[in-house]
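**Q** I have a structure here, written as C-alpha cells, and I will follow up with some questions on it.
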Amino acid sequence: MATTHAAVGLLFALPLTVVAPELAPIAALAAIAGGIFPDLDLVAGVHRRSLHFPDYYWLGAVPALAAAAIAPSPETVAVAWFLLSAAVHSVSDAFGAGTEARPWERTSAEAVYLHSRSRWIAPRYWVRYDGAPEDYLLTVCLLAPGLVAFGPAVRRVAIVLIVVGGAYTLVRKRLPAVEERLL
Ligand SMILES: [Zn+2]
C-alpha cells in the first residue's frame, strides 16, 4: 500500500543522515512523496499503469542521482529521491497482488504495467494484498527510522503514515463493498 511504498522510500534517504545530514530531511520527504505519487492513478487514469513506470522512472532517477552526487543541493536531492522512490514503488508493486477490487481472491494477473514491453507484470504475492497485516507490519518497521533519524518534520509525517496505514489495514476488506454501494 502507499504507506509502505513511502516507508521504503524513506529508507533510501537514511544514508544521507551520515553523508549529508543537512539534506537528509528533504530527501526523506521527497522520497515519501515519490513513494505515494504513482498511486494517484487510483483517482485518475488506469491504476498501476498511468503513473506507474517500473522501467521509465529509472531513466530519470539514475541521472538525477548522479546530478545530486555531483552537485548536492535541496533541489537536486529532492528530485533524485522523489524519482528513485517512484521507480522502486513501481517495481515493487509486482511483489504484491493484482489490480482487482478484492486482491485476496487472486483473480487478476495484472500487478503493474511495463510500458516498454506493452504488457502487465504478473503478481508475486510476497505481500498477499495491499492493506494485509504483513503490509502494515512493513509500514511500521520501515518507518521506524523516520521517527528518530530525520528530525521533527519527518517524524510528524511518519506518525501520520503509521496512523493512516493502520486505519486502511483495519477497513481494507470492507472497502470493495463500500465502493460498490457508492458507485
Ligand atoms: Zn502502486
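Please treat every number below as a calculation from the coordinates, not as lab data. Here the structure is a predicted model, which is why all the values come from computation and not from measurement. Please note: Cβ atoms are built from the backbone with ideal geometry, for glycine as well, and neighbour counts cover all protein chains shown.
**Q** Residue by residue through region 80-91, what is 3J(HN,Hα) from phi via Karplus (6.51 cos²θ - 1.76 cosθ + 1.60, θ = phi - 60°)? Round to whole Hz and write x for glycine and proline.
**A** Per residue, the Karplus-derived 3J(HN,Hα) values read 5, 6, 4, 5, 4, 5, 5, 5, 5, 4, 4, 5 Hz.
**Q** While we're on this one: What do you get when you divide the Cα radius of gyration of region 78-149 by 2.2 N^0.38 Å, with N the number of residues? Before the final figure, lay out each step's value.
**A** Numbers: Rg = 14.0 Å, N = 72, 2.2 N^0.38 = 11.2 Å.
For region 78-149, the normalised Cα radius of gyration is 1.26.
**Q** At 222 nm, what helix-only mean residue ellipticity would the chain give, in deg cm²/dmol to the nearest 500, using -39500 (n - 2.57) for each DSSP H run of four or more?
**A** -18500 deg cm²/dmol
**Q** Then there is this: If a/c stays under 1.5 just call it rounded; otherwise compare a/b with b/c (prolate if a/b is bigger, oblate if not). Do that for region 1-55, with a ≥ b ≥ c from the square roots of the Cα gyration tensor eigenvalues. Show your work: numbers first, answer last.
**A** Details: a/c = 3.05, a/b = 2.90, b/c = 1.05.
Prolate, since a/c reaches 1.5 and a/b exceeds b/c.
**Q** With θ set to phi - 60° and the Karplus curve 6.51 cos²θ - 1.76 cosθ + 1.60, what are the ³J(HN,Hα) couplings of region 138-143 in order, to the nearest whole Hz, using x for Gly and Pro?
**A** Ordered by residue, 3J(HN,Hα) equals 4, 3, 5, 5, 6, 7 Hz.
**Q** If you bin every alpha carbon distance in region 99-183 into 5 Å steps from zero, what whole percent lands in each bin?
**A** The percentages, shortest bin first, are 3, 13, 17, 16, 16, 15, 12, 7, 1.
**Q** I would also like to ask the following. Over region 1-104, consider all pairs of different Cα atoms and compute the Kirkwood hydrodynamic radius from their mean reciprocal separation; express it in Å, one decimal.
**A** By the Kirkwood definition, the hydrodynamic radius is 13.7 Å.
**Q** Show me the ranking of peptides 29-40, 120-131 by mean Cβ neighbours inside 10 Å, starting with the highest.
**A** Top of the packing list down: 29-40, 120-131.
**Q** Another question, then. Looking at region 67-107, I'd like the Rg to Rh ratio, where Rg is from alpha-carbon atoms and Rh is Kirkwood's inverse mean 1/r. It would help to have the intermediate numbers written out before the result.
**A** On the way: Rg = 16.1 Å, Rh = 12.4 Å.
Rg/Rh: 1.30.
**Q** Quick one: which residues, 5 or more positions from V112 or on another chain, have an amide H under 5 Å from its amide H? H modelled 1.01 Å from N in the peptide plane, none for Pro or chain starts.
**A** Hits under the 5 Å cutoff: I121.
**Q** Can you give me the pair-distance distribution of the chain, C-alpha pairs, 5 Å bins, whole percents?
**A** Calculated over all Cα pairs of the chain, the distribution is 1, 9, 16, 20, 19, 15, 10, 6, 2, 1, 0 percent.
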